[in-house]
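First comes the structure, then the notes that go with it.
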Amino acid sequence: MPSVLEIRWIMRPASLLVVVAAACVGEPDSSPWSVADSAGVRVVEIAVEPVALPVYASVGELEFTVGSIDGTDGPAFGDVGEVRSLPGGDVLVTESRSQTVGVYDRSGRTLARMGGRGDGPGEFRFLHVAGVAGDTLWIWDPIPQRLTPLSRSGRVWPVVTFEHELADRPGDLRRLADGGFVARTRFQPLDPLDPKYAESKVWTDSLVLRRLDAEGLEIDTIAIAAAEQLLREIWPSPTGEGDGRPVGAMLPFGTQAHWAIDSIGNSVVVDGTSGQMVLRDVRGSIRTVVRFASPPRPLPEAEVERLRRSRLDDVESSPFRPMVERVFSKELLPTAFPRVGGLLVGESGTIWVAQYATFPEEVTEWTAFAPDGEPLGRLSLPARFQAREFGEAYVLGAHTDEFGVQRVQRYRLERP
C-alpha cells in the first residue's frame, strides 16, 4: 500500500504536471526549478526566491473564530501554543502560559479544559502535543519526561513512562499511527562545565530524530542535523560555591533547524539558514534534497537594530542583559536573512515552508511543496496570523490583534 506521501503525489492535479512537463521538455531554461538524480536521490534545485513562484493558493472565507477579549463570547486565550483539528470539527488549543489543553467546538464553546502548571497527574511544565488518536490526546512534557494521554472530555489516563534510557532526553516527541514514536534529541549532551566553555563560545546544537517503538525502546536514528547556534558562557555561582552555572543565548538571525513528520514516519528537516530541505522515508533513507540556487536576502542594519531593541526591552532589568548585548556584536551577525522561519506537513503530505521573518507574528509568506520535493507554489496569509496546521482546503492558526488579544481562526484555501 502506498504511503501518505506517495498517495499525495499520485493525486497531484494533472494541470500542474502538464505545466512542469512542458517547461522541462519544450523550454528547459524557463522552469524556475530543475530535477536531477544523484546516486538514487532526487535533487530539486530552485533558481528563484519562493516569492517568485506562481500562486498555489489564496486565503478565502474566514470559516470560524474561537476566542474573545474577556471570555464572555468564548475562551480568552493567554498564550496560544499548538492548534490542531480534531475528528468531527472540534479544535484542540494549548496555552503555554497556563500549561493547559482545551477542546472547543466551531462556535467557540468550551467542551473541555484540562491540565495546568505543576508536577501532579494531568499537570505540565512544558507541554507539547505528541499526537491525536481517535478521542485520545497524547501530551508530552520533556521536563519530567512524561507522556500523558487525555480523553477529549478531560479524563486523564495513566501516564506512560519509558523504562529505556535514550542517548539524550527527548525535547519533543511525535506519536505515529503504528503506536511508535519519533523523538527529537541532541546528538551529544553538552557538558557546560567543560574548561573549553570557561569563556564565551558559540555552540552549534544538534537535532537528532530517533525512531522508538511503542515501549520507548530506540529502534534507529533516522536524521542528524545542525540546529540552533547559541552563545554559551559559564557564570560564577551566585553563592560562590561550586564550578559556576551555564547560561546561553540564541544568536540573532542564526542557524536553526526545523523538522516535521507525517503520521507514518516520513520526515522533513530544513536548514533555516540555507533553506536546504531533506526528505527521508520511515527508515531514515534520504529520498529527496531541495536546494536554493538564488542568493539570500541581505540583512539590513535597521532590521538588526529592531530585533536588538526588542530583546533588550525583554531583559531590561535582568542580569542577562549584558549577554544579550554580546550576541549582537558584529562578528556574530550574519549578512543575510535566514531563508526559513517555519515548517509544517499537511494532512496528505504537502510540505509547507515559511519564509523567515524577524518576529514570528510577521511570518506571512509560505511555499507549498509536493511530497516528492517539487514546489507547488506560494501562499500569502493575513498579517498577524500564525499558521499552525494546513489541510487540503484550509489553514488553521492563531491571530494576534494590535492589543495582544489572541483568537484561533480557520480560513478556507482557494486554489486557481
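The values are calculated or read from the model by the stated rules, or taken from the named source; none is laboratory data. Bear in mind that the values here come from a model prediction, so they are computed numbers and not experimental data. Cβ atoms come from the backbone with ideal geometry, glycine included; neighbour counts cover every protein chain shown.
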* Neighbours by Cβ (under 8 Å, 6+ apart or cross-chain): first from the range 223-238, farther than 21 Å from Pro252 by Cα and touching a residue at least 24 places away in the same chain (Cβ under 8 Å); second surrounded by 15 or more Cβ atoms within 10 Å (Cβ to Cβ) and of a type in the set (Val, Ile, Thr) -> Ala223/Val208; Ala223/Val269; Ala223/Val278; Ile224/Val208
* **Meets criteria (acidic (Asp, Glu), closer than 22 Å to Ala398 by Cα and surrounded by 17 or more Cβ atoms within 10 Å (Cβ to Cβ)) for Glu95** => yes
* Considering the range 82-101 alone, what residues qualify as being of a type outside the set (S, T, N, Q) and either assigned to a loop (DSSP other than H, G, I, E, B) or at pLDDT below 95 (or both)? -> Leu86, Pro87, Gly88, Gly89, Asp90, Arg97
* Asked: When you scan the range 132-146, how many residues do you find that are in contact (Cβ under 8 Å) with a residue 24 or more places away in the chain and surrounded by 20 or more Cβ atoms within 10 Å (Cβ to Cβ)?
  -> 4
* What residue, among those in the range 103-114 that are in contact with a Leu (Cβ under 7 Å, 6 or more places away or on another chain) and not in a loop (DSSP other than H, G, I, E, B), is nearest to Val160 (Cα to Cα)? -> Met114
* Is the range 390-409 home to any residue that is touching a Gly at 6+ places or on another chain (Cβ under 6 Å), small (Gly, Ala, Ser) and buried (at least 20 other Cβ atoms within 10 Å of the Cβ)? -> no
* Note down all Cβ pairs under 6 Å where the first residue falls in the range 334-345 and is within 18 Å of Val51 (Cβ to Cβ), the second is crowded, with 20+ Cβ neighbours inside 10 Å and among the polar types (S, T, N, Q), and they're at least six residues apart or on different chains. => Pro338/Thr273
* Can you pull out the residues in the range 256-308 that are in contact with an Asp or Glu (Cβ under 7 Å, 6 or more places away or on another chain) and farther than 19 Å from Ile222 by Cα? -> Arg291, Ala293, Ser294
* To do: Could you run through the range 43-78 and say how many residues are exposed (fewer than 15 other Cβ atoms within 10 Å of the Cβ), in a loop (DSSP other than H, G, I, E, B) and of a type outside the set (Val, Ile, Thr)?
  => 7
* Restricting to the range 318-371, what's the tally of residues that are at pLDDT below 95, among the small types (Gly, Ala, Ser) and touching a Ser or Thr at 6+ places or on another chain (Cβ under 7 Å)? -> 0
